[in-house]
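Note sheet for the following structure.
The values are calculated or read from the model by the stated rules, or taken from the named source; none is laboratory data. Everything numeric in this text was worked out from a predicted model, so none of it was measured. Note that each Cβ is placed from the backbone with ideal geometry, even for glycine, and that neighbours are counted across all protein chains shown. Ligands, DNA and RNA are stripped out before the accessible areas are found, and what is left, the full protein with its side chains, is counted by its heavy atoms. Shrake-Rupley method; radii C 1.70, N 1.55, O 1.52, S 1.80 Å.
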Amino acid sequence: MGRPLPMDRLIDLLSDEDERPRSRADLYVDVCRLRASLRRGGCDGSVRLVRSGSTYTLTGDPQLVDLHRFTQLVNRAQRVTEPQEVSRLASAALAEWRGPVLEDVATERTRRGVGAAFDELLMSAQLLRVAAEFKLGNYWSLAAELARLTADHPEHEMLLAFRAATLYECGRRADALRVLSSARARMTRRLGLDLSRELQDLRAAILRDDPVDRDIFRGGALGAV
């Protein structure tokens, strides 16, 4: 918001590889639709799409846009160190997330180009919250959240590590080992790879029934909080 974008850049962003090349006439239609959407959304002129020469600028208070509020909260969560505050800020950020960026309003190519950075930021927010809750010892509430996150991201090693460690801290040792065994089988079958050293160390600690070494997470989100 507030940054002018050239028409040619907007045309490129809105184009799809499988469709005919888009023109400025197509862009004008898209602009009219967006302005109508802003009016229907009750912006009442507080958010406007302004043309100046060969550029368009979205003007208004960034705090009126959920994606800006989300980004700001994640950035704040990344700068603090107290786990309870990290969890609060990351949770507030996740509450602002409304689903994939530009879902149902843009081409797949546009969604990939614009949304990839926000998808990474979403994962950062999720990891920050998980790491803080783990450090606070909120294992039982975290177990269900991690089951959902690892179902969505079955090969994300930090999430797998947190899930196995959380289950172990809940007294569910067999379930923790099952998570790691399933991940190992899946990664070997799909990628021809074994578990990372961190996950292997975690599995060994659980097999020995040792306390979880918090340093296992030193390369990920836990080290940040």
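With all protein chains present, calculate the accessible area of S141 using a 1.4 Å probe and round the result to the nearest 10 Å².
Only protein atoms counted, so the area is about 80 Å².
Would you mind getting me the FRET efficiency between D30 and D61? Use the beta-carbon distance for r and R0 = 35 Å, nearest 0.05.
0.90
If we count trypsin sites (Lys or Arg not before Pro) as exposed when they sit in a DSSP loop and have at most 11 other beta carbons within 10 Å, what is the longest stretch of the chain that avoids them all? If you can, show how the numbers build up before the last one.
On the way: sites that count: R98, R208, R218.
Longest run free of exposed loop sites: 99-207.
With labels modelled as points extended 7 Å from the Cα through the Cβ direction, what inter-label distance (nm, one decimal) is found for D175 paired with R98?
3.5
Out of every Cα-Cα pair in the stretch 93-207, what percent are more than 24 Å apart?
Beyond 24 Å sits 34 percent of the P(r) for the stretch 93-207.
What does the accessible area per residue of the chain come to in Å², with a 1.4 Å probe and no ligands, DNA or RNA counted?
On the way: 12760 Å² over 225 residues.
Value returned for the chain: 57 Å² of accessible area per residue.
For percent of Cα pairs over 24 Å apart, the choices are (i) 60; (ii) 55; (iii) 44; which was calculated from the structure?
Read-out from the structure maps to (ii).
Given a 1.4 Å probe and every protein chain left where it sits, what share in percent of the accessible area of the stretch 75-207 is carbon and sulfur?
49
Helix-only estimate, please: 222 nm mean residue ellipticity of the chain, summing -39500 (n - 2.57) across DSSP H runs of length 4 or more and dividing by its residues, to the nearest 500.
Counting only the DSSP helices, I get -20500 deg cm²/dmol.
In whole angstrom, how long is each semi-axis of the equivalent ellipsoid of the stretch 53-134, when you take the square root of 5 times every eigenvalue of its Cα gyration tensor and sort them from largest down? Before the final figure, lay out each step's value.
Working: eigenvalues 146, 46, 19 Å².
Working through the eigenvalues yields semi-axes of 27, 15, 10 Å.
What is the chain's relative contact order, in percent, from Cα pairs under 8 angstrom and six or more apart in sequence? Working shown, then result.
Working: 253 pairs, mean separation 35.5, N = 225.
Taking the mean separation of contacting Cα pairs over the length of the chain, I get 16 percent.
Calculate I(q)/I(0) for the stretch 32-99 by the Debye formula, one identical point scatterer on each C-alpha and no solvent, and give its log10 at q = 0.22, 0.27 Å⁻¹ to two decimals.
With one equal scatterer per Cα and no solvent, log10 I(q)/I(0) is -0.91, -1.11.
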